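Report on the structure given below.
The values are calculated or read from the model by the stated rules, or taken from the named source; none is laboratory data. Since the structure is predicted, the reported quantities are computational estimates derived from the model, not experimental observations. Positions of Cβ are backbone-derived with ideal geometry, glycine not excepted, and every protein chain shown enters the neighbour counts.
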Amino acid sequence: MAKKRTTSSGATNKKLPLNQSIPLGIQHVFAMFAGNITVPLIVAGVFGVTTGEKIFLIQMALFAAGVATIIQTVGYKNIGARLPIIQGTSFAFIPIMLPFKAFGLGAIFTADWHHLTIAGTVLIVALLTNLKGKGMVSAASILIGIIAGFIVAALLGEVRWAKIAAAGWFAFPMPLQYGIDFVWGAVILMLFMSIVTTIETIGDISATTMGGANREATDKELSGGIMADGVGTAFASIFNAMPNTSYSQNAGLLAFTGVISRHVGTVAGVILILLGLFPKLGGVIAAMPDSVIGGAAIIMFGLIAGAGIKLISKTEMSQRNILILALSLSFGIGLYAFPEFVAHIPDFGIKLKLLLTTGLIPAGLIAFILNATLPKK
């Protein structure tokens, strides 16, 4: 439970000039773009949709993520954390939505020297600009690294220019394109997964405040963020997109830049909406090889782990808390590393074996159950 205390809102409410907030917002979009469009690409691949429908699903994913992000950053009454929490399409719901025969995502970047060079360029340039740069240069280090990686990718012939040429100039979002239906078995499973993504959102909000402002999240921020998750997902379903949730890589980006202004998150949301309305703009980002985003992801996901460790270090390490932490990590890491352990467990029609080997689901549920049931001494 977050501590109820009064904290300064100056950093989160600070309005930066557009020549700073726009590049920082673009940086957030770069950080989550690949993950956000991957889910609709998986869905499109499994169900064998046409090229036009695939572009439409990507467009809706970007548009819904932008609206959900603004709901989170701007807020309305009790809805929204009013923090720079970037929303995007959730991977957690894929096991429920898809038959897994078509699964098989590639690595962020392959062992090809071109891709290793591109990813290495992003990593090195981002680190150098963050450590040696000052002010805006340091804050936008990830974006500068991505731009450097894009230039190297272009020189090596790895930029997919055809994606830019093939993208349309304007496409208006169409709600309920595929109709609406309530399958109660799927609804129950979605509710179960919503508990898991709620745990993820709480972690992302906590990582944002701890990494960006060196404080714990307030109860109001946590409850508002969770409600914004639900409202954003409901909006996404109307506009033919998958469930939305907070993106951890953007929490890591905040820890890296130190800029926690929620207005930067709002700018990122507006940019995502524009990318959804103007597919040609999204085509520019889609033209990048995966290794460009991969180089930045190395930094951001490492910072997420660092923010988590920092958050744990602020907690009293009592025997009870150590037991919860130890069992959660053991089950989460263990089942992920050794999936054969659940080979003989029945699926019960919900792909239970796959759910148990995701890492997040078993760790989160074990922590949730133990925290609710173990007596406090």
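Below, the figures for the structure above:
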read-out	value
Segment 326-364, residues that are touching a helix residue (DSSP H, G or I) at 6+ places or on another chain (Cβ under 7 Å), in a helix (DSSP H, G or I) and aliphatic (A, V, I, L, M)	327, 329, 335, 342, 354, 355, 356, 360, 361, 363
Matching residues, segment 337-360, being surrounded by 16 or more Cβ atoms within 10 Å (Cβ to Cβ) and touching a Gly at 6+ places or on another chain (Cβ under 8 Å)	359, 360
Residue check for residue 281: farther than 27 Å from residue 211 by Cα and at pLDDT below 75	yes
Some residue of segment 63-79 being at pLDDT 90 or above, aromatic (Phe, Trp, Tyr) and surrounded by fewer than 22 Cβ atoms within 10 Å (Cβ to Cβ)	yes
Hey, residue 286 under 16 Å from residue 250 (Cβ atoms), assigned by TED's automatic domain parsing to the domain that holds residue 30 and at pLDDT below 80 or not	no
Some residue of segment 339-360 being within 30 Å of residue 216 (Cα to Cα) and modelled with pLDDT of 85 or more	no
Residues (in a loop (DSSP other than H, G, I, E, B) and not hydroxyl-bearing (Ser, Thr, Tyr)) located in segment 306-325	314, 316, 317
Enumeration of residues in segment 206-240 that are closer than 14 Å to residue 80 by Cβ, at pLDDT below 90 and either charged (D, E, K, R) or assigned to a helix (DSSP H, G or I) (or both)	208
Segment 139-161, residues that are touching a residue at least 60 places away in the same chain (Cβ under 8 Å) and more than 21 Å from the chain's Cα centre (by Cα)	149, 150, 153, 158, 159, 160, 161
Any pair with Cβ under 6 angstrom, 6 or more apart, that starts in segment 82-93 at a residue that is within 19 Å of residue 276 (Cβ to Cβ) and ends at one that is in a loop (DSSP other than H, G, I, E, B) and among the aromatic types (Phe, Trp, Tyr)	86/247; 88/247
Residue, nearest to the chain's Cα centre (by Cα), within segment 306-337, restricted to residues that are more than 23 Å from residue 376 (Cβ to Cβ) and aliphatic (A, V, I, L, M)	307
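Yes/no matrix, rows are residues, columns are (1) at pLDDT 90 or above; (2) outside the structural domain of residue 210 (by TED's automatic domain parsing); (3) of a type outside the set (A, V, I, L, M); (4) surrounded by 17 or more Cβ atoms within 10 Å (Cβ to Cβ):
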{"site": "91", "(1), (2), (3), (4)": "no, no, yes, yes"}
{"site": "95", "(1), (2), (3), (4)": "no, no, yes, yes"}
{"site": "101", "(1), (2), (3), (4)": "no, no, yes, no"}
{"site": "105", "(1), (2), (3), (4)": "no, no, no, no"}
{"site": "124", "(1), (2), (3), (4)": "yes, no, no, no"}
{"site": "131", "(1), (2), (3), (4)": "no, no, no, no"}
{"site": "152", "(1), (2), (3), (4)": "yes, no, no, yes"}
{"site": "159", "(1), (2), (3), (4)": "no, no, no, yes"}
{"site": "167", "(1), (2), (3), (4)": "no, no, no, yes"}
